[in-house]
Structures are given as C-alpha cells and as structure tokens.
Amino acid sequence: MIHWPPYINWQTEGLPSGLDIELVKAIFDTAGCRYRFMKVPFKRTLRDIEDGRLDGSPLISHTEDRARYGHYSVPVRTEAIGAFTLRGRKGPKPASFSALVASDLKVGVVLGGWYGQAFEAAMKENMAFRSRLTNFKDFETLFKALEAGLVDIAINDVAGGHYVARQLMKESEIALLPFFVHENEIYFFFSRKTVSVEDVGQLNLAITKFRASPAYNALLHRYLTGALPLQEAAAARN
C-alpha cells in the first residue's frame, strides 16, 4: 500500500491510518479474516499480487487487465477524480473534460493512477493533449507543481486533492473545476494465486453488511469532507 492520504496515511512509527485502513479493519474483522499491512509502491503491489507474493490490496479501480490475475470484491466505496486549478489563475477554466483536452492548459497527474476511459482515450488519440501532460511521483509533488505554476491543472482524487492542498497551502487557494474526469467504484483486490473464491465471498458478505450500517456513512463523512458535496450534487443532476 502506498502513502495516499486521506485514504492511507503511513505515520512515522510505521503504522498506517486513514479511511481505507479503517474500512479494511471493520470489514475484515466482521468477516473474521486476519490481515497485515505492508508499505509497497503501487506498481510493485500489482506485480506482487499477480505473482502471488501479496494476497491483496485496498482499494483499487477495476480494469480488465487486472481482472486477469486478481479477484475483485463487491464495491467498497466510490471514487471521484476531479481537476484542480489555482483559484487566482488567469485564463480559461474548462467546464468539461473534453474542453480541457481541447485547451492548451498544462496538466499534471500522478504516475500509475487510473483516470478513466475518457482520459485513456485522450492520451491515445490526442497527441497535443499527451504532450501537455506531466507525470509526478506523488500527490504532494503534483500540488507543489500546481502552486509553482509548472502545471495549470492537477488531476486527482477529489478528497485527496483537498487533503493535500490543506497540508501544502491554503485550501482556499485551489478551485475544483465543475466536472468529474472520472467516477467509479473502488474494490478490494486479491491474488488469484493465494486467495480463494470462497474467501472473497465471505468478505463480500461483510462488505455488504458494513455498507448498510450507520458506521459506514459516518466514516465516509469524517474523511471525505470536500468530496461528498460534489458527488452528491452530481448524483442529484443525474
């Protein structure tokens, strides 16, 4: 698991905290499953799950490639990917992802992240957009680049973006553009080599039970301040 606040926050003493850690504890304890947290870079995590060196990871988006070598649980939570900019930045502020792709704005993302089918299609089909894209090693570096003007737009998980902005700058200095780059369900992900279908089934029952409880909603609202209002507004529009 990588350092990914507010979902996974590796503290100085080596113990993780955060929303996804609390979700793992609540769900695995309900299912009666043992677990141990390990700090592993994201790309290596996927490789080790494929090879059976790791049993699984919280919480991961679904892709067809990953489904070849891993079991997905039922959905655990949703994720919203947004586009952040500096509030005082002059120039165009795109109102849709297609408008962002068509603009000449410089865009930053974190290397290895999944930003949805529309983003992947733009990367493959639009050379100009691809040439304006810069990859950064982590979220902190991405938002420092945004603050320094090295990129005009930072594409990031909405809650994570707000969290990092609060740590590095005044949150009032950033603005979230009025569209999602991507919305999707997030799952637990397990190695087909070490985790049985029956074990995943037990965890699925625990996930369903916990998601129906008041504790689940309380947990989301405690960690996802800034993300939930936007997601709820989008749901209302739909």
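Please identify every one of the trypsin sites (Lys or Arg not before Pro) in the range 54-108 that sits in a loop by DSSP and has no more than 14 other beta carbons within 10 Å of its own beta carbon. All intermediate terms of the calculation are to be shown ahead of the outcome.
Values: sites: ARG66, ARG68, ARG77, ARG87, ARG89, LYS90, LYS106; in loops: ARG68, ARG87, ARG89, LYS90, LYS106.
Passing both the DSSP loop test and the Cβ count: ARG68, ARG87, LYS90.
Given R₀ = 35 Å, what would the calculated FRET efficiency be for SER17 paired with ASP104, taking r from the Cβ atoms and rounding to 0.05?
Values: r = 40 Å, r/R0 = 1.16.
In this case the efficiency is close to 0.30.
Out of the DSSP beta bridges found with both residues in the chain, what percent are antiparallel (nearest 5)? Write down the numbers at each step before the final one.
Numbers: 24 of 30 bridges.
Here the share of antiparallel DSSP bridges comes out near 80 percent.
Taking 7 Å along the Cα-to-C-beta vector as the label spot, tell me the ARG166-ARG53 distance in nanometres, rounded to one decimal.
Label at ARG166, label at ARG53, 3.6 nm between them.
Within the range 1-73, report the GluC sites (Glu not before Pro) that DSSP leaves as loop and that have at most 15 other Cβ atoms within 10 Å. If you can, show how the numbers build up before the last one.
Working: sites: GLU13, GLU22, GLU50, GLU64; in loops: GLU13.
Of the GluC sites (Glu not before Pro), the ones in loops of the range 1-73 whose Cβ has at most 15 other Cβ atoms within 10 Å are GLU13.
Using the crude model of +1 on Lys and Arg Cβ and -1 on Asp and Glu Cβ, and no other charge, please compute the dipole size for the chain relative to its Cα centre, in debye to 20. Intermediate results must be reported in sequence, preceding the final value.
Working: 29 positive and 26 negative charges, 66 e Å.
Approximately 320 debye in magnitude.
Which of the lysines could a cross-linker bridge to LYS90, judged by Cα under 28 Å and excluding same-chain residues fewer than eight apart?
LYS90 reaches LYS106, LYS137, LYS144, LYS170.
Could you check what % of the DSSP bridge pairs in the range 81-182 are antiparallel, to the nearest 5?
60
Quick one, which of (1) 1.14; (2) 1.03; (3) 1.08 is the actual Cα Rg over 2.2 N^0.38 Å calculated for this model?
(2)
Apply the membrane-span-like helix rule to the chain: whole DSSP H runs, Cα extent along the own long axis of at least 24 Å, mean Kyte-Doolittle hydropathy at least 1.0. List the helices found.
Long hydrophobic helices here: none detected.
Rounded to the nearest 500, what is the 222 nm mean residue ellipticity of the chain from helices alone, with -39500 (n - 2.57) per DSSP H run of 4+ residues and division by all residues? Walk me through the numbers on the way to the answer.
Values: 11 runs with 103 residues, N = 238.
That comes out to -12500 deg cm²/dmol.
Between LYS25 and LEU205, 0.36 nm times their residue separation minus their Cα-Cα distance comes to what? Mind dumping the intermediate values first?
Values: separation 180, 0.36 × 180 = 64.80 nm, distance 1.47 nm.
Extra length available between LYS25 and LEU205 comes to 63.3 nm.
Sticking with the crude label model, points 7 Å out along Cα→Cβ, report the distance from GLU185 to ALA118 in nm, one decimal please.
According to this spin-label approximation, the distance is 2.1 nm.
Per 0.36 nm of contour for each residue apart, how much would the distance between VAL74 and CYS33 grow if the chain were fully extended, relative to their Cα-Cα spacing?
On the way: separation 41, 0.36 × 41 = 14.76 nm, distance 1.64 nm.
Additional length available on full extension: 13.1 nm.
Laboratory data are not the source of any read-out in this text; all were calculated from the coordinates shown. Nothing here was measured: the structure is a model prediction, and the numbers come from that model. Neighbour counts are summed over all protein chains in view; Cβ atoms, including those assigned to glycine, are modelled from backbone coordinates with ideal geometry.
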